[in-house]
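For reference, the structure discussed in these notes is given below.
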Amino acid sequence: MRHLLVLNAGSSSLKFALFAEERDRLRELLRGQIEGLPRRPRLEVDRTVSRPDGDDGAPPRRQRAAEHSWSSDDPQAPRDVHAALDVVMAWLQQQVRPLAVRAVGHRVVHGGAAYAAPILVDEPELAQLQRLVPLAPLHEPHNLEGVRAARERFPGVPQIACFDTAFHRGHAFPEETFALPREFYDAGVRRYGFHGLSYEYVADRLAQLSPRAGRGRVVVAHLGSGASACAIRNGRSVASTMGFTALDGLVMGTRPGQIDPGVLLWMMSDRGMDAAAISELLYTRSGLMGLSGISNDMRDLRASPEPSAHEAIEVFVARLVRELGALTAVLEGLDALAFTAGIGENDALLRSQACARLGWLGVELDAVANAAHGRGSDGLISTPGSRVEVRVIPTDEERMIARHVQQVLAQSPACDAERAEPA
Ligand code: ADP
């Protein structure tokens, strides 16, 4: 049995998933995270309950397998991604015997203009990727630190970087550029788009569930703490609401989405705010949090009687509807709409609020199916008569990364032979 480890290293967490390669399928064994780094680390692991019909389709069931919190003064507590990976590996080695990690896949948020596909990362590649840090300062340094930690921990084991921007490479020039002097485009100031691994997974799954829709004009709404939407034609991304950074487009938990750049100029000239202050405002104090003054979590807003919570959701829906219309215009029509990520998968009311305003497009929601999050494992929530097929498709970025890892290894025969016990 050979294993693929998937890592997603962020500013305060290390998420992981372990897959077993079984003949022609990938079986998810465990997934979890250490969050709360560096001060209050907490480990959570779920065991994946496999089903006899294979798990490469409908969402797998998971059961909590372990939880552990460290106190703030515990000398054993992991404080950075390197120590967190040590803890994760010690735990995995206890649980999975023998553990044979054949390769490690990493989620890397930004691949810039150059990377349109996953890559094997060695030192020169790491140096290249380091140059992208200014494009995603909140995520990229942590993602790359995760790669470094895994290189140390697994010497000789292939490390594969999978980029959130890669799925969007290949957009036509009008979708990729801002109307600025050309020198900015040439310097890399472009609309990159993000959440690409999620879109790729959902597009693949949609094509399995509905081959006709999979070949058609599709919009996927990835609505989590970060939120964006993507126009997809014949399985390929053609436009995204996210641009140069992950700030553009939809309203998010703490980010505003689309904003008139004149507002930022006013903040600088009238309020004397500098880049750091504006960045902090846009990344951490805006969106649902800023509007409501209550929470960045949709569940809290749904539960709150405060008018500001209600208004924040209204703004979220209004922006979503506007962007869905814009992406439909890019596609010149719509065959299928898919909702995914925390809000998209779980908030039936949000889906019905948005779809109620898309009737002009031929969207007709089945209220019962929507309340049940889909009629069955196919996630269909539109009526049989709806001109647009609407589905809830749970995303699985980790599985998408594991698939990419297999593809990269298959194209690199030298790596294919390698397998290793962790150091
Ligand atoms: P990310 O991976 O970007 O951190 P997720 O896709 O996990 O985010 O989405 C997280 C968000 O999903 C939460 O902030 C919360 O607002 C929302 N969410 C999760 N469950 C529900 C639910 N049952 N109803 C409404 N919103 C939910």
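The values are calculated or read from the model by the stated rules, or taken from the named source; none is laboratory data. Just so it is clear, the structure is predicted and the values come from calculations on it, not from any experiment. Backbone-built Cβ (ideal geometry, glycine too); neighbour counts: all protein chains shown. Areas reflect the complete protein model, heavy atoms only, side chains present, ligands, DNA and RNA absent. Shrake-Rupley method; radii C 1.70, N 1.55, O 1.52, S 1.80 Å.
Tabulated values for the structure
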item	result
Contour excess over end-to-end distance, with Cα ends at Ser377 and Leu349 and 0.36 nm allotted per residue	8.1 nm
Cβ-derived FRET efficiency at R0 35 Å, His310 paired with Val263, nearest 0.05	0.90
Residue (of Met242, His222, Trp266) at the positive-pole extreme of segment 208-279, dipole from beta-carbon charges	His222
DSSP-loop trypsin sites (Lys or Arg not before Pro) across segment 26-118, with at most 10 other Cβ within 10 angstrom	Arg39
Reciprocal of mean inverse Cα separation for segment 212-358 (Kirkwood radius, Å)	15.9 Å
Calculated FRET value between Leu180 and Gln76, using beta carbons and R₀ = 56 Å, to 0.05	0.65
Among beta bridges that DSSP assigns inside the chain, antiparallel share in %, nearest 5	70 percent
Ellipticity estimate at 222 nm from DSSP helix runs (n ≥ 4, -39,500 (n - 2.57)) divided over the chain, nearest 500	-11000 deg cm²/dmol
The chain, accessible surface, carbon-and-sulfur percent (1.4 angstrom probe)	51 percent
Leading residue at positive end of dipole, segment 352-403 (Cβ point charges), from Gly362, Pro384, Gly374	Gly362
Residues with amide H under 5 Å from that of Thr177, placed H, sequence gap 5 or more	Arg191
Where the chain is the region considered: accessible area per residue in Å², 1.4 Å probe	44 Å²
Over the chain, relative contact order from alpha-carbon pairs under 8 Å, at least 6 apart, %	15 percent
Gyration tensor (alpha-carbon) shape descriptor, the chain, a/c threshold 1.5	rounded
Positive dipole terminus of segment 80-218, leading residue within Tyr185, Tyr199, His168 (C-beta point charges)	Tyr199
Karplus-derived 3J(HN,Hα), 6.51/-1.76/1.60, for each residue of segment 158-172, Hz, glycine and proline x	x, 10, 10, 8, 10, 9, 6, 8, 4, 4, 8, 5, x, 4, 5
Magnitude of the charge dipole, segment 103-243, Cβ model with Lys/Arg +1 and Asp/Glu -1, debye to 20	580 debye
Chain lengthening between Ala117 and Phe244 when straightened (0.36 nm per residue, less Cα-Cα)	43.9 nm
Per-residue HN-Hα couplings for segment 116-121 [Karplus 6.51, -1.76, 1.60; θ = phi - 60°; Hz; x = Gly/Pro]	9, 7, x, 9, 6, 9
Cα centroid separation - segment 198-274 against segment 289-306, whole Å	22 Å
Global form of segment 164-230, assessed from the alpha-carbon gyration tensor, a/c cut-off 1.5	prolate
Distance between modelled label sites at Arg40 and Leu138, nm, 7 Å Cα→Cβ extension	2.0 nm
